[in-house]
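Okay, structure first, notes after.
The values are calculated or read from the model by the stated rules, or taken from the named source; none is laboratory data. Note that the coordinates shown come from a computational prediction; the quantities given were computed from them, not determined experimentally. So basically every Cβ, Gly included, is an ideal-geometry build from the backbone, and we count neighbours across all protein chains shown. With ligands, DNA and RNA removed, areas are computed over all heavy atoms of the protein, side chains included. Shrake-Rupley method; radii C 1.70, N 1.55, O 1.52, S 1.80 Å.
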Amino acid sequence: MHYILACMVIGTVFGAGLAIATEQTPNPAASPATKPQRHLAKFDEQFKAADMDNDGGLTMAEARTAGMERIVNNFERLDINKNGKVTREEIRVLLRSRLSS
Ligand SMILES: [Ca+2]
Ligand SMILES: [Ca+2]
């Protein structure tokens, strides 16, 4: 009885481990992207997740809900065209000017 139970447990654990191993995505660090590019890619993901109405811009409320404090704190400066939304392009302009300075 104990033997059968042990076999079932081992089978379950091994099967689950195999499933996890095959579902793993390739290591992003292995990509040839440079550090700033990776930073931007990560930022894009955060931005997409924060942009709840998918209009391509973050309002102050969206940034605050997503916990993006850096955007909330610099909202006025980031919103270059003063339309009440910070777009990825507006943030990139600021990021680039910071990276090159
Ligand atoms: Ca939005
Ligand atoms: Ca704007």
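Some points to look at:
- Each peptide in 81-87, 56-62 was scored by the mean count of other Cβ atoms within 10 Å over its residues; highest first, the order is 56-62, 81-87.
- Quarter of Cα convex hull surface for the stretch 30-100, i.e. mean projection, nm²: 5.1 nm²
- Residue 60-residue 77 pseudo-label distance in nm [points 7 Å out on the Cα-to-Cβ vector]: 1.7 nm
- Between residue 58 and 86, 87, the built amide H atoms are under 5 Å apart, and every one of these is 5 or more places off in sequence or on another chain.
- Net length available on complete extension from residue 33 to residue 97 is 21.1 nm, with 0.36 nm assigned per residue and the Cα-Cα distance removed.
- Ranked order, 80, 71 - accessible area, probe 1.4 Å, largest first: 80, 71
- Those lysines that a straight Cα-Cα span of less than 17 Å connects to residue 48, excepting residues fewer than 8 apart in one chain: 85
- Our coupling estimate for the stretch 58-71, obtained by passing each phi through the Karplus curve with A = 6.51, B = -1.76, C = 1.60 and θ = phi - 60°, is 9, 7, 3, 5, 5, 4, 5, 4, 7, x, 8, 4, 5, 6 Hz, Gly and Pro reported as x.
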